[in-house]
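Enquirer: Could you have a look at this structure, given as structure tokens, before my questions?
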Amino acid sequence: MSRLARCARRCAQLALLAAVLTARAGLAAEVLPPPIAAALARAGIPQSAVALVVQEVDANKPALSFNASQPLNPASVMKLVTTFAALELLGPTFTWRTEAYLAGPLAGDALDGDLVLKGNGDPRLTIEHFWMLVRSLRARGLREIRGDLVLDRTFFEANDHDPARFDGEPLRPYNVGADALLVNYKTVRFQFVPDAATKAVTIVPEPRLAQLEVANAVRAVDGGCGDWRAALKLDLQSKDGAGARASFSGAMPASCGERAWNVALFTHRDYVHGVFRQLWEELGGTLQGRVRDGTAPAGARPFAVYESPSAAEVVRDMNKFSNNVMARQVFLTLSAETLKLPGRYDRSARVVQSWLAGRGLELPELVIENGSGLSRADRISAGSLARLLVAAYRSSVMPEFIASLPLVAYDGTLRKRMKFESVAGQAHVKTGSLSDVRSIAGYVLDRNARRHAVVFIVNHANAGAGQAAQDAVLRWAYESGR
């Protein structure tokens with residue numbers, strides 16, 4: 001090795017030592033640790049496109065800070081802002097009520113009038129939970145509804161949600177808009193059951209809505225599974241009235257076994273009508289009228305009520321599986337409950353900004369569109385998000401907040417990541433993903449039992465190749481900067 005090369009190598013070692021000593025002294029080091037920098041270089045991601053903060057939760061300053069003040073799109077990591085605000089403003093024990101009212105006299109088991117269902121924004125009103133409300137109506141003696149099914153959806157302000165606006169995929173469940181009476185995320189689950197012997201594929205829709213017709217021309221074929229949906233085609237046609245015809249064609253490898261395809265086919269009103277009618281008739285009830293929007297009778301007492309699980313449980317499902325529809329529901333609830341006005345995105349954004357200011361968390365760069373992170377407009381800096389994580393750790397809702405985040409290598413969106421590594425089970429981290437965004441934010445318990453808030457955001461065309469860099473960040477935090 002030449003003298004010049006030895007000198008260059010020694011200078012690099014001294015620079016690295018200085019960075020490590022600076023970090024250990026509790027000062028923010030505007031330099032990326034070599035393992036993280038190397039992983040970004042292999043992914044073709046320039047350092048100017050990333051931001052990183054690592055801060056011990058009991059410290060006043062970060063141990064590592066890089067581009068911390070740069071506003072970036074955080075993708076689904078924005079759900080942490082929504083979660084913290086919901087747990088503090090609504091409370092961990094807050095619940096959502098879905099109510100049923102009788103708009104007419106009940107004679108025996110017959111209602112001579114309309115049945116009104118009033119939604120209050122429940123983010124997790126799945127078919128099983130909706131069935132409990134419907135069953136409660138039958139248990140209270142109602143069987144025949146001679147009027148209409150009236151849906152009161154006024155808890156949220158009506159909006160012209162375009163499910164195709166974000167990415168041109170209007171049938172994808174993550175593009176479903178919020179609704180005060182959201183049932184089962186407005187999704188139909190098609191179960192594909194191939195039979196290698198007969199070369200046939202059975203398609204089972206759930207729920208099996210009366211207004212849904214399914215045409216099946218899918219055949220089972222030999223070969224490896226791979227991308228099983230690549231050779232399938234869905235043609236959707238509207239029928240007379242509120243119905244739809246879903247025509248499936250193509251081929252599916254029998255080796256795949258049973259697979260599911262979730263699709264959002266109907267409007268909120270038609271979907272609720274279809275699910276209610278299916279469940280009501282299965283329970284022996286009859287509905288003579290049609291479905292329409294309206295309002296619950298003023299001052300009336302509900303005939304039956306379904307109360308959701310607590311907010312702590314709801315945000316856990318929301319974050320573990322990064323459910324965008326649930327996040328929108330929770331976000332809108334913030335303004336509906338706090339302002340006592342119909343929930344609206346801009347109102348909820350103002351509620352969040354006011355709440356942050358009241359806690360001394362000024363985030364001037366924050367742009368939060370719908371609370372889910374499924375937005376091209378959202379912005380927050382890694383430094384601001386790290387301060388929010390530290391504040392959440394010092395909050396009374398800290399246990400519920402941390403428990404809502406995926407546990408590395410064990411559950412949620414991180415259940416398959418970093419298995420059998422030292423950091424497995426030692427980090428609760430929310431992930432975020434858009435076409436040009438990858439992000440992680442949460443907490444890492446290091447090898448010395450000290451907890452760190454960690455935020456790492458990449459905004460670049462090659463962001464999808466940045467998983468190794470994310471893993472390097474978590475390892476670095478776990479090793480406490482070694």
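The values are calculated or read from the model by the stated rules, or taken from the named source; none is laboratory data. Every value quoted in this text rests on a predicted model; they were computed, and no experiment measured them. All Cβ positions, even for glycine, are placed from backbone atoms using ideal geometry, and neighbour counts span all protein chains on display.
Enquirer: Take the residues in region 163-176 that are closer than 26 Å to K118 by Cβ and surrounded by fewer than 20 Cβ atoms within 10 Å (Cβ to Cβ); name whichever of them is farthest from the chain's Cα centre (by Cα).
Expert: Only one residue fits best here, namely P163.
Enquirer: Count, please, the residues in region 454-466 that happen to be crowded, with 17+ Cβ neighbours inside 10 Å and not hydrophobic (A, V, I, L, M, F, W, C).
Expert: Final tally of qualifying residues: 3.
Enquirer: Would you confirm whether any residue within region 76-90 is modelled with pLDDT of 95 or more, farther than 30 Å from A382 by Cβ and of a type in the set (S, T, N, Q)?
Expert: Scanning region 76-90, I find no residue that is modelled with pLDDT of 95 or more, farther than 30 Å from A382 by Cβ and of a type in the set (S, T, N, Q), so the answer is no.
Enquirer: From the list L405, L389, L332, which one is touching a His at 6+ places or on another chain (Cβ under 8 Å) and either assigned by TED's automatic domain parsing to the domain that holds G121 or surrounded by 22 or more Cβ atoms within 10 Å (Cβ to Cβ) (or both)?
Expert: After applying the criteria, what remains is L405.
Enquirer: Could you tell me whether region 421-431 includes any residue that is surrounded by fewer than 19 Cβ atoms within 10 Å (Cβ to Cβ), charged (D, E, K, R) and either in contact (Cβ under 8 Å) with a residue 12 or more places away in the chain or closer than 24 Å to V50 by Cα (or both)?
Expert: For region 421-431, residues surrounded by fewer than 19 Cβ atoms within 10 Å (Cβ to Cβ), charged (D, E, K, R) and either in contact (Cβ under 8 Å) with a residue 12 or more places away in the chain or closer than 24 Å to V50 by Cα (or both): present.
Enquirer: Would you point out which residue out of R417, R438 is out of contact with any strand residue (DSSP E or B) (no Cβ under 7 Å at 6 or more places or on another chain) and under 24 Å from V50 (Cβ atoms)?
Expert: The match here is R417.
Enquirer: Taking strands (runs of 3 or more DSSP E) that fall entirely within region 62-163, which contain at least 1 residues that are hydrophobic (A, V, I, L, M, F, W, C) and outside the structural domain of E337 (by TED's automatic domain parsing)?
Expert: Answer list for region 62-163: 97-103, 114-118, 149-152.
Enquirer: Scan S322, S308 and give me the residue that is on the phi > 0 side of the Ramachandran plot and crowded, with 19+ Cβ neighbours inside 10 Å.
Expert: That would be S322, the only listed residue that is on the phi > 0 side of the Ramachandran plot and crowded, with 19+ Cβ neighbours inside 10 Å.
Enquirer: Sort through T98, T93 and tell me the only one that's buried (at least 18 other Cβ atoms within 10 Å of the Cβ) and hydroxyl-bearing (S, T, Y).
Expert: T98
Residue-wise test of (1) small (G, A, S); (2) closer than 16 Å to A304 by Cα.
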| position | (1), (2) |
| --- | --- |
| Q70 | no, no |
| L89 | no, no |
| A103 | yes, yes |
| D112 | no, no |
| R124 | no, no |
| H129 | no, yes |
| M132 | no, yes |
| L137 | no, yes |
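Enquirer: In region 282-299, is there at least one residue being of a type in the set (A, V, I, L, M, F, W, C), out of contact with any strand residue (DSSP E or B) (no Cβ under 6 Å at 6 or more places or on another chain), touching a residue at least 24 places away in the same chain (Cβ under 8 Å) and farther than 20 Å from T83 by Cα?
Expert: Scanning region 282-299 turns up at least one residue that is of a type in the set (A, V, I, L, M, F, W, C), out of contact with any strand residue (DSSP E or B) (no Cβ under 6 Å at 6 or more places or on another chain), touching a residue at least 24 places away in the same chain (Cβ under 8 Å) and farther than 20 Å from T83 by Cα.
Enquirer: With the checklist (1) modelled with pLDDT of 95 or more; (2) closer than 19 Å to D179 by Cβ in hand, flag the one item R301 doesn't pass.
Expert: (2)
Enquirer: Based on what the data block shows, is R482 out of contact with any Asp or Glu (no Cβ under 9 Å at 6 or more places or on another chain) and modelled with pLDDT under 95?
Expert: yes
Enquirer: Being touching a residue at least 40 places away in the same chain (Cβ under 8 Å), out of contact with any helix residue (DSSP H, G or I) (no Cβ under 6 Å at 6 or more places or on another chain), over 30 Å from G168 (Cα atoms) and not in a strand (DSSP E or B) is the filter here, so list the residues in region 432-472 that pass it.
Expert: R450, D471
Enquirer: So, in region 190-202, how many residues would count as being surrounded by 16 or more Cβ atoms within 10 Å (Cβ to Cβ) and within 30 Å of D317 (Cα to Cα)?
Expert: The number of residues fulfilling the criteria is 2.
Enquirer: Further question on the same structure: Please go through region 164-179 and give me each residue that is charged (D, E, K, R) and either closer than 24 Å to S348 by Cβ or not in a loop (DSSP other than H, G, I, E, B) (or both), ordered by number.
Expert: Matches in region 164-179: R165, D167, R172, D179.
Enquirer: With the condition kept exactly as written, say whether any residue in region 418-434 is more than 23 Å from E479 (Cα to Cα) and either among the β-branched types (V, I, T) or more than 15 Å from the chain's Cα centre (by Cα) (or both).
Expert: No: zero hits.
Rundown of residues vs (1) within 30 Å of G371 (Cβ to Cβ); (2) hydrophobic (A, V, I, L, M, F, W, C), yes/no style:
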| site | (1), (2) |
| --- | --- |
| F166 | yes, yes |
| Y174 | yes, no |
| N184 | yes, no |
| L209 | yes, yes |
| S238 | no, no |
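Enquirer: Next up: For residues that are among the small types (G, A, S) and assigned to a strand (DSSP E or B), tally how many sit in region 199-214.
Expert: Adding up the residues that qualify gives 1.
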